[in-house]
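Written out below as structure tokens is the structure these notes cover.
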Amino acid sequence: MPKTPLLSRFPHNRLMEGPTPIQRLDRLESVLGARAKGISVWAKRDDLMGLGGGGNKLRKLEFLVGQAAAEGCDTLVAIGGVQSNFARLAAAACARSGLACELVLAQMVPRDMAIYQGNGNVLLNRLFGARLHVLKRGDDAGGFAMRRASELAASGRKAFVATLGGSTPVGCLGYVDCAFEIAMQSAELGVEFDQVEIPNGSGGMHAGLAAGMVVAGRDPSRILAHTVLSPVDACIAATVDKVNSVLQLMSREEQVEAGDLRISGAQLGGGYGIPTQEMVEAVRLLGSTEGLLVDPVYGGKAFAGMLSDFESGTITPGSNVLFVMTGGSPGLYAYADILNDD
Ligand SMILES: Cc1ncc(COP(=O)(O)O)c(C=O)c1O
């Protein structure tokens, strides 16, 4: 059940076991030594969920599948890139909820090799029983999904179309709830998190967390996000819109402006899904110090961003930082060529 009664009127389909843990990364701190500048590093383990390999998208899917069921849909059509974690978790959530699942997978990254097109998330999508529609480069995924929903309707079925990353206002409610979960855990641990570091892809996680913080009377500029998909100005504008749509959906009067959100474009590199040296080093550092995995597209770039925030002083020396681990480890297999190369 949602942690805050503010969300109880929204249909919700439970897919997670309960709150995900917050853990201190003390081995990382000691290996970083002086580079850590006395900062205590904590991880919100949103990679630690049982269904479908887990990850941040399950929080959104709890509300999206709830909405689909409330609307009487029998099929979920989800849009994502070829290696979309959202698509993989939508497939698993549908399997668990008794919905049929169709995935519309767009070529968002210039990687045509077999490990990218057939391993990692793509392999798991098939195991979870989804029907895959793998598009050609340049095809319009949204248009394809709407046409497919009409075809299904013509054959007597009812489809719910979930947009890229599941980041509709309803999907974002999953991270509103997470903001309340973090506040509860912070009180239990007796640790105030001065900054929260996250990746921003389709912006839904950022929007939900920021809306949750606003509603709880906390400052959303504590969130330091690293865009991995759109250029920084477009990312800020789209995320502001999303936060305000979520607040509106919750019938709240508060609104945010661009100055309330902090998003860095420094880790985007060549663009979405294109590896950077900093990402590779960050994935290896967390793996080799803590035995934990971040993915190459989102978490790896955000973790690299957090390390550079230590260095630049963006994170105050001696403070507490919470890094949200968002899962996505199947994506590592789709980048084996880069990650194996030393
Ligand atoms: C592993 C992982 N982390 C982070 C994100 C970013 O979340 P959002 O799209 O809500 O910004 C995604 C989105 O696909 C993801 O799969």
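Hey, any hits in the range 144-162 for a residue that's open to solvent by 10 Å² or more (accessible area, probe 1.4 Å) and within 14 Å of the ligand (Cβ to nearest atom)? The answer is no; no qualifying residue exists.
Taking residues in the range 34-53 that are at positive phi, and partners anywhere that are open to solvent by 20 Å² or more (accessible area, probe 1.4 Å) and of a type in the set (A, V, I, L, M), the pairs with Cβ atoms closer than 9 Å and at least 6 places apart or on different chains are 52/95; 52/124; 53/124. Where helices (runs of 4 or more DSSP H) sit wholly within the range 57-141, those with at least 2 residues that are under 20 Å from the mean Cα position of the chain (by Cα) occupy 57-70, 85-97, 121-127.
If you go through the range 87-102 and keep only what is surrounded by fewer than 24 Cβ atoms within 10 Å (Cβ to Cβ) and among the aliphatic types (A, V, I, L, M), you end up with 95, 99, 100. Residue pairs whose Cβ atoms lie under 7 Å apart, sitting 6 or more positions apart in sequence or on different chains, and linking a residue in the range 103-122 that is free of Cβ contacts under 8 Å to residues at least 40 places away in the same chain and open to solvent by less than 40 Å² (accessible area, probe 1.4 Å) to a partner that is basic (Lys, Arg) and outside any helix (DSSP H, G or I), are 107/136; 107/137. State whether one or more residues within the range 170-193 are among the hydroxyl-bearing types (Ser, Thr, Tyr), in a loop (DSSP other than H, G, I, E, B) and within 16 Å of the ligand (Cβ to nearest atom). No: zero hits.
Only one of the numbered conditions (1) touching a Leu at 6+ places or on another chain (Cβ under 7 Å); (2) at positive phi is violated by residue 280, and that is (2).
Pairs linking a residue in the range 59-86 that is surrounded by fewer than 20 Cβ atoms within 10 Å (Cβ to Cβ) to a residue that is of a type in the set (Ser, Thr, Tyr), with Cβ atoms under 8 Å and 6 or more positions apart or on different chains, are 69/97. Contact map, the range 315-328: residues that are of a type in the set (Ser, Thr, Tyr) paired with residues that are in a strand (DSSP E or B), Cβ distance under 7 Å, separation 6+ or inter-chain. Pairs shown: 319/195; 326/55; 326/199.
When we screen 275, 296 for residues that are of a type outside the set (A, V, I, L, M), open to solvent by 20 Å² or more (accessible area, probe 1.4 Å) and assigned by TED's automatic domain parsing to the domain that holds residue 335, the only hit is 275.
Within the range 329-342, if we keep just the residues that are free of Cβ contacts under 8 Å to residues at least 60 places away in the same chain and part of a loop (DSSP other than H, G, I, E, B), the residue that is farthest from residue 120 (Cα to Cα) turns out to be 342. Annotation: residue 141 fulfils all but one of (1) away from the ligand (no atom under 16 Å from the Cβ); (2) surrounded by fewer than 23 Cβ atoms within 10 Å (Cβ to Cβ); (3) not acidic (Asp, Glu); the unmet one is (1).
The values are calculated or read from the model by the stated rules, or taken from the named source; none is laboratory data. All of these numbers come straight from a predicted model, not from anything done at the bench. All Cβ positions, even for glycine, are placed from backbone atoms using ideal geometry, and neighbour counts span all protein chains on display. We work out accessible area using only protein heavy atoms, side chains counted, and drop any ligands, DNA or RNA first. Shrake-Rupley method; radii C 1.70, N 1.55, O 1.52, S 1.80 Å.
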